[in-house]
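Structure first, then comments.
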Amino acid sequence: MKLILKFVIPLIIVLGIIGAMMVPVMDLVTQRWFIKDLELRSQLVTNTLQESLQPLLLTKGRERKSKIQALLDKVAQDERILAMGYCDANNVLEFKTILFPADLACQDIPTDPQTSANTPLPLMTKTLKGGRFSITATPLVALSVEAEGASSVAVGLSRLIIVHDLSVAERRSGDTRNYLIALILIIGVVTSLVAVLVARWSRKEWMNSMRTLLNEVRKPSLADNLVAPQHQEFQPILRDIKNLMRDLEDNRAISDDLQLHWTPQKLREILSTELSGDEVIVVSNRQPYIHSRVGDQIEVHFPASGLVTAMEPIVRACSGVWVAHGNGSADREVVDERDRVKVPPDNPQYEIHRVWLSKEEELGYYYGFSNEGLWPLCHIAHTRPIFRGSDWEEYVKVNQKFADAVVRDARSADPVVLIQDYHFALLPQMIRAQLPQATIITFWHIPWPNQEVFGICPWREAILEGLLGSTIMGFHTRYHADNFIDTVDRFLESRIERETSSISYNGKITLVRPYPISIEWPPRWLAEVPPGPECLQRIHARDNIPEGILIGIGVDRLDYTKGIVERFRAIERLLEKHPEWIGQFSFVQIAAPSRSSLPAYQHFDAEVRAMAEQINIKYGDGRYQPIILKIEHHEPVDVFQYFRAAVLCLVSSLHDGMNLVAKEYLSARDDEQGVLILSMFAGASRELTEALIVNPYDIEQCAEALHVALSMPASEQRERMHAMRSYVSEFNIFRWAGRMLLDAATVRRKNRFALKLSSLGANAPQLKELS
Ligand code: F6P
C-alpha cells in the first residue's frame, strides 16, 4: 500500500501538471479544427446551394418564395447548421429559416467589398440572445431579369448566411478535454500499478536468489559432512551482500517507524504483533512507587528520577513486571507473599516485584560501587571515583540476587528483559547464563566515558563482559555508544563491526545503539495542574514571593553533576551585570535530596546552601530573595506547577546522559511561552536546538543567557517553544521504547530462524552473523 502511494501520489501530481499544461492547448486545437470544419462546410453548402438557388432567385411569381424557403429549410436540417438566411442586394433579409436568430440583421454582418463572389467571408462569432453563434456570409452575384426572354443582368452582391450554434463546438471541445484527462489518468494509474508490481516482484526475486545463493554457499558438503563453506570464492562478496540486505531491512524498519504515531496503544500493538505478546520484565534499582510510613499512615511517593519518569508509562503500557529495590519504610507491609504489589495505587496496571537488600548490600552495591565508583567515573564532574573491593563484592552479590529474581519471574525461556542503568552492569551476563534465549536490552542512562577514563575502573573487563550479555546495549547518544565500542575494543578480545555497530564476543553478538530517551506526551500529571496564571498565584503565595516578580525554575536531584553551584554563580552575575533585575526576578531551585549519606553529596548540599544564602544576603532584602532554595522532595504535580509559572527553566548539568527536566518543562508549556536554557553537556542539547544552549562553566555566557531569556519577546518564545514541543511530542517515550522493542523483535526473528536452520544442519556460527 505504502509503495503504491509512493508511486501514485507523485504520479497524480505529475499528471496534474501535464494535464494543466495540455488542456488549454487541446482546447485551442479543437477550436481551430472546428472553425476550419465550419468554413469548409459553409463553402460546400454554398457551392451546392448556388446551383439550385440562382435559378430560383431569377424566377418570379408566388412559387418563388415558397421554393426558396423550402430549399433553405432543407439545407438547415443538417444538425451542424442552425439556420440559413439570404440578404438581397439591398441588404434586406429576404429569406430566413425558423431558427434564424431574431436579433441578427443583415446590417450586423459586415461585408467586404474586396471579396469575390462565392468565396465565404472569414467566419465571425457573435453573442446574441440565444447564445454564441458563428456566422459565415458568402457573397453571391445578385441577378435580375427585366423582361421576358431577356437575359439576366447583375444588380449587385447579395449574401447567403449560414448560422452555426457555437455551443456545439464548445460541447465537443469539453468532451474532448474530458476524454483526454480520463485517458491520461488511466494510462498513469495502470503504468504505476504495473511499475509497483514489477518492482515488488523483482525485489522479492532478488532477495530469494540472494538467500538461495547464501544457503548454497553455506551448505555443508554431504560427502564429507564438513561444516565449512563449499564455495570459498564467494566469501568476499557474501559479506557485502549480507550488509546490503541488512541495510535494506533496516531502512524499511526506519521508514515504518517514522510513519508511526507513537502512543501507549501503538506500543501495546507492537508488543502483541512484533513480540507476539511475549512477557516484558523491567529491572532497575529505583522503584516507581515508594511506600513510606508517616505516623500511622502509609504514604506513596513517586521518586525524583529520570529513569522512573521515562520507564513508568512504558511498563504501564506493557503491563509487565518491574523488579526493583524495595527501599520504602512501608514497602514490606503492602506486598503479597511473592513480594509483589500492584501499581499505580489508584489504578493498578502492573506489578512491582520488590527485592530486599540488607544494609551492607545497599551500602556496598548502591552507595559504594554504583554511586561512589561508577557514577563519578561516567560523569565528567571532577569528583574522584572511589573503588573498594568490599563494594565490588556487594555489587556482584546484589546483581546475582536481581538475576535470580528475574529468572524466577520469567514465565518463558525467552522473555524480553529491559535492564536499566549502571547499577546492573553484570546482570545481562548473569541472566543470559540462566536464560540463554532471553532478549536482554540494557539501557545505560548516564554518559559512557572515553576508554581512557573507563580504564580507571579496576573491574573494567568484568563490567564489559557483563554488559555484553545483552542483546542490545542502548545509550542516549551516538557519542556514548561509540565510546562504549572503543572501550570494548581496548579491553576485550572481541570482533567489532563498526558499520553495523555490533560487537561479537564469545560467539554472541551485541548490537550497540543510540536511543535518545524522552517523556510521556503529554505527561499524565498535567491533567491535575491548573493553568499558568493560577500556578503563578499559588507559588507566589506558597513561597512568599512578592507580586509581579518573575520566576525562573531549576529542578534536580541534589547532585554535583547537575551544575547547581554554577547556576547560582550565573544568577549572581546576572544581578551584578544587569541590576535592573534585582527585585524583579527570583530563581526557585527545587533540589530533591539524593544519596545523602555519601560525603560527596553532603559537601555538595552544604556548598549549595551556603551559596544561595550568600547571594540572598548580597541582593535580597526582608521581602525579596533572588534564590529560593527548596531542598525537599516534590511530587510531580507540584513540580509541573512551577514549570507552568516560570518564565525560564535553567538546566545547567555539567554532564548528563539526557536530562528529562528540560523536556518536562516544554511539555508543561502548552501556552508556548517560557524559555529553556540548556547545558551543552546534557544529551538533550543534541535534540532541543531551539533552547538557549550554554556552557555551564562559562558564567558570563550563562548570565547573559538569563538576561536574554528574561527580555525575550513573546513571539520569539512562541517560535522556539513551538518547535521544541512538536519535536518532543513526536519523539516521545513510546517511540524510544518502541524503537528498542522493534529492534529486539527483529533480532528474535532472526535468531529463531537461525535456530531452525541450525536444527536442519546449517552452519550455526555463521548464521549468528546475520543477527
Ligand atoms: O538517571 C540516572 C539515575 O541515576 C537513575 O538511575 C536513578 O534512578 C536516578 O538517576 C536517581 O538516582 P537515585 O535512584 O540514586 O536516587
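None of the figures in this text is laboratory data; all of them are computed from the coordinates on show. Worth saying up front: this structure is predicted, and the values here are computed from it rather than measured. Here the Cβ is made from the backbone with ideal geometry for all residues, glycine too, and neighbour counts use every protein chain on show.
Using the Cβ-Cβ distance between residue 31 and residue 60 with R0 = 41 Å, the FRET efficiency computed as 1/(1 + (r/R0)^6) comes to roughly 0.40. Farthest towards the positive end of the charge dipole of the chain, among the residues 535, 201, 46, is the Cα of 46, using unit charges on the Cβ of Lys, Arg, Asp and Glu. With both labels modelled 7 Å from their Cα along Cα-to-Cβ, the residue 613 to residue 462 distance reads 4.3 nm.
Assuming 0.36 nm per residue, please report the length gained on full extension of the stretch residue 576 to residue 39 beyond their Cα-Cα distance. If you can, show how the numbers build up before the last one.
On the way: separation 537, 0.36 × 537 = 193.32 nm, distance 9.31 nm.
Fully extending the segment from residue 576 to residue 39 adds 184.0 nm.
What residue among 684, 639, 622 has its Cα farthest toward the positive end of the dipole of segment 555-696, where the charges are +1 on Lys, Arg and -1 on Asp, Glu, each on the Cβ? Sorting the options by dipole projection puts first 622. Kindly identify segment 530-730 as rounded, prolate or oblate by the Cα gyration tensor criterion: order the square roots of the eigenvalues as a ≥ b ≥ c, call it rounded if a/c is under 1.5, otherwise compare a/b with b/c, prolate if a/b is larger, else oblate. Since a/c stays below 1.5, the shape of segment 530-730 is classed as rounded. Distances between placed amide hydrogens fall under 5 Å for residue 350 paired with 343, all partners being 5 or more residues away or on another chain.
Based on alpha-carbon atoms, the Kirkwood radius and the radius of gyration of the chain give Rg/Rh equal to 1.30.
For the chain, the dipole from Cβ point charges (+1 on Lys and Arg, -1 on Asp and Glu) about the Cα centre works out to 2400 debye, to the nearest 20. In this calculation the C-beta distance from residue 698 to residue 719 is compared with R0 = 25 Å, giving a FRET efficiency of 0.50.
Measuring between their Cα centroids, segment 598-656 and segment 451-519 lie 36 Å from each other. Placing unit charges on the Cβ atoms only, positive for Lys and Arg and negative for Asp and Glu, gives segment 378-520 a dipole magnitude near 140 debye about its Cα centre. Segment residue 296..residue 125, full-extension length gain: 51.4 nm, with 0.36 nm per residue of separation and the alpha-carbon distance subtracted.
Modelled spin-label separation between residue 276 and residue 172, with each label point placed 7 Å from Cα along the Cα-to-Cβ direction: 6.9 nm.
Take the Cβ atoms of residue 78 and residue 191, set R0 to 56 Å, and the FRET efficiency comes out at 0.85. Sorting 589-598, 642-651 by average packing, meaning the other beta carbons within 10 Å per residue, from highest down gives 642-651, 589-598. Is the shape of segment 1-85 rounded, prolate or oblate, going by the alpha carbon gyration tensor and its root eigenvalues a ≥ b ≥ c, with a/c under 1.5 for rounded and a/b larger than b/c for prolate? It comes out prolate by the Cα gyration axes. Dipole orientation for the chain: of the candidates 389, 751, 427, 751 has the Cα lying most toward the positive pole (charges on Cβ; Lys, Arg +1; Asp, Glu -1). Shape analysis of segment 264-514 places it in the oblate category; the axes a ≥ b ≥ c from the Cα gyration tensor give an a/c of at least 1.5, with a/b not above b/c.
Between the helical axis of 599-619 and the longest alpha-carbon principal axis of the chain there is an angle of about 70 degrees.
Given only helices, namely DSSP H runs of n ≥ 4 each adding -39500 (n - 2.57), what is the per-residue ellipticity at 222 nm of the chain, to the nearest 500 deg cm²/dmol?
-15500 deg cm²/dmol
Starting from segment 16-113, pick out the GluC sites (Glu not before Pro) whose DSSP state is loop and whose Cβ has at most 16 other Cβ atoms within 10 Å. Loop-located and lightly packed - 79. Partner aspartates and glutamates whose Cα lies under 12 Å from the Cα of residue 60, excluding those fewer than 8 positions away in the same chain, are identified as 146, 148. Computed from point charges on the beta carbon alone (+1 for Lys and Arg, -1 for Asp and Glu), the dipole magnitude for segment 530-730 about its Cα centre is near 220 Debye.
Looking at this model, which pairs from 342/630; 359/663; 96/129 are more than 29 angstrom apart at the alpha-carbon? Each step should come with its number before you reach the end.
On the way: 342/630 32 Å; 359/663 35 Å; 96/129 17 Å.
Exceeds cut-off: 342/630; 359/663.
For the pair residue 500 and residue 108, label points projected 7 Å from Cα toward Cβ lie 8.5 nm apart.
Among beta bridges identified by DSSP and lying wholly in the chain, the antiparallel ones come to about 45 percent.
Report for segment 264-514 the percent antiparallel among DSSP-assigned beta bridges with both residues inside it, nearest 5. Expressed as a percentage, antiparallel bridges in segment 264-514 total about 40. Computed from Cα atoms, the angle from the helix 62-75 axis to the main principal axis of the chain rounds to 30 degrees. Structural descriptor for the chain: relative contact order 9 percent, calculated from alpha carbon pairs under 8 angstrom and at least 6 residues apart. Rounding to the nearest 10 and keeping the result within 0 to 90°, find how far the Cα-based axis of helix 306-318 lies from the longest principal axis of the chain. Taking the Cα atoms of the chain, the angle to 306-318 is about 60 degrees.
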